[in-house]
Amino acid sequence: MPKWALANILEEALEYTVTQISPVKTQVTVSVPAEEATAALSTAVALFRSKADIKGFRKGKVPSSVIEQRFKKEVVGEATTDLINVHINEIMGELKLSPLSGLDVSEAALAKGEPLEYTFSFEHAPEFELPEYKGQAIEEEEVVVSDADINSVIERVRKNLAEVAPISDNRTPADGDVVSVTFEAFENGQAIPGVRAENFEMTLGEGQSLAEFEALVKTIPAGSEGEGEITFPADFINTDLAGRTVTMKVAVHVIKVRTLPPVDDELAKKAGNFEDLDKMREAITMSYKKSREDLHRSSAQKKLIDTLLAAVDFPLPPTTVEQQLGQMVQEFVTQLERRGKSLESTGKSLADVEVEMKPQAEELVKTQIFLSAVAAKEELAVTPQEMDAFFYRLSTQVGQDVVLLKRYYEDNGMMIMVRDKLLCDKAADLIYASALVTKVAPTESAADAEATA
């Protein structure tokens, strides 16, 4: 039912009472007088009557009594839903509260000549006092780009452009070789479910597999089979295997060697159509520095916001936390499936993952509430152009058409979620932009990480 059709129904002020169930949940009880209920039903009947095409009657001339009898369920359903939606929009505007979860509306049905009372409840952000978030001191690590950093990037480029060819002799594999193997784990003579792979390809000496497994593979010539005992680390991702000693049977099918191209101008041209090697080194330096600056800025910004969050304490909406947790768990399972693994292969149950991830979900919800409060205080807004830019970046990342991607978000009611995320990003940027940033030398661990990045 169009909103204009209900305009004459809401002439008098809405009657409703507000009950704060908790600091993060509010319930509203709405009283609909009999006259308003009758008017809403009459409006719905009139709209059905104008569109009804019933044999024996001219279109638009069907008697209201026939409409009420034949389409009673549809008329009552549409009239009730439309009237409640109008009420909710008006009430939420007056309360100036933004629901963080879907509204829970009680069952209701209008009846001619009878008053109606219904309730709806929703979770929202709690009230809390923002700490001083501008002008805070924070340290940010400087970016130091060394020749070793640049050379490590060039070495990765060489490996990516290397020629790989199988060898003809049946020697044992060595570090740097690419091997194709089939393996399976056994315990007490019984195969262990989920620990088997066929024609698995890996490069030795690059930490792609357990050191004990690679050591076993290096003892088996191409075209041969072998076995040996392997003990999984105590912190192995698959908790069912962690700390266990198994017998691993391995067949080495093919050994391939990589021939790295020389570091010269030709490499630069192949790598990115650079004019020469010096130009490639310059480009690597700029790219490396920019990515590390972004990383250090992001790290400093997070530390700053974490410090501010530690200064405030407020309750979190439980449904919002559960929704965030569900999204995180689903993303975790999806990532496993993309790597050809299942949740069972990690040795964890869904409940285990939920328990592990709940603190992170709570932290994300608290951060969102905090930054949303900053955005509201600073009267930040997201422009249509910024929304479009978000979808363009997302479409590039996932390889989907930007128009179809945006339509999907619109059809699934996810546009507000995107807007809120961009608002939080703006609030975080504002906090960081006002901070007193002191540049410090990178720690030894950070420098090592950059050297291997």
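Overview of values
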| read-out | value |
| --- | --- |
| Condition broken by A381, with the remaining ones in (1) assigned to a helix (DSSP H, G or I); (2) closer than 30 Å to F314 by Cα; (3) not basic (K, R) satisfied | (1) |
| Matching residues, region 94-113, being over 25 Å from A37 (Cα atoms) and of a type in the set (S, T, N, Q) | S98, S101 |
| Set F232, F183, F236, F200: member being within 26 Å of R339 (Cα to Cα), under 35 Å from the mean Cα position of the chain (by Cα) and modelled with pLDDT of 95 or more | F183 |
| Criterion (out of contact with any Leu (no Cβ under 7 Å at 6 or more places or on another chain), in contact (Cβ under 8 Å) with a residue 60 or more places away in the chain and not in a loop (DSSP other than H, G, I, E, B)) met by exactly one of I369, I416, I431 | I369 |
| Check on T182, surrounded by 14 or more Cβ atoms within 10 Å (Cβ to Cβ) and in a loop (DSSP other than H, G, I, E, B) | no |
| Counted residues, region 231-244 - those being among the polar types (S, T, N, Q) and touching a residue at least 40 places away in the same chain (Cβ under 8 Å) | 2 |
| Residues within region 115-131 that are closer than 14 Å to P318 by Cα and not in a loop (DSSP other than H, G, I, E, B), tallied | 4 |
| Extreme residue, surrounded by the most Cβ atoms within 10 Å (Cβ to Cβ), among residues of region 242-259 that are small (G, A, S) and in a loop (DSSP other than H, G, I, E, B) | A242 |
| When residues of region 196-241 are limited to those that are polar (S, T, N, Q) and assigned to a strand (DSSP E or B), the one farthest from K348 (Cα to Cα) | S224 |
| Only listed residue being in contact with a Phe, Trp or Tyr (Cβ under 7 Å, 6 or more places away or on another chain), without any contact (Cβ under 8 Å) to a residue 60 or more places away in the chain, in a helix (DSSP H, G or I) and over 30 Å from N238 (Cα atoms), chosen from L404, L394, L422 | L422 |
| Hits in region 122-133 (condition: more than 15 Å from T19 (Cα to Cα) and surrounded by 12 or more Cβ atoms within 10 Å (Cβ to Cβ)) | A125, F128, L130, P131, Y133 |
| Qualifying positions in region 281-315 - part of a helix (DSSP H, G or I), aliphatic (A, V, I, L, M) and out of contact with any strand residue (DSSP E or B) (no Cβ under 8 Å at 6 or more places or on another chain) | A283, I284, M286, L295, I305, L308, L309, A310 |
| Evaluation of P262 against (1) more than 38 Å from the chain's Cα centre (by Cα); (2) surrounded by 15 or more Cβ atoms within 10 Å (Cβ to Cβ); (3) in a loop (DSSP other than H, G, I, E, B) (one fails), failing number | (2) |
| Test: residue in region 102-114 that is in a helix (DSSP H, G or I) and either more than 30 Å from the chain's Cα centre (by Cα) or exposed (fewer than 13 other Cβ atoms within 10 Å of the Cβ) (or both) | no |
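Let's see how each residue does on (1) farther than 30 Å from M286 by Cβ; (2) at pLDDT below 90; (3) loosely packed, with under 12 Cβ neighbours inside 10 Å:
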site: K61; (1), (2), (3): yes, yes, yes
site: G77; (1), (2), (3): yes, yes, no
site: E117; (1), (2), (3): yes, no, no
site: F120; (1), (2), (3): yes, no, no
site: I138; (1), (2), (3): no, no, no
site: R158; (1), (2), (3): no, no, no
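The values are calculated or read from the model by the stated rules, or taken from the named source; none is laboratory data. Model, not experiment: these values are computed from the prediction. Virtual Cβ from ideal backbone geometry, glycine too; neighbours counted across all protein chains shown.
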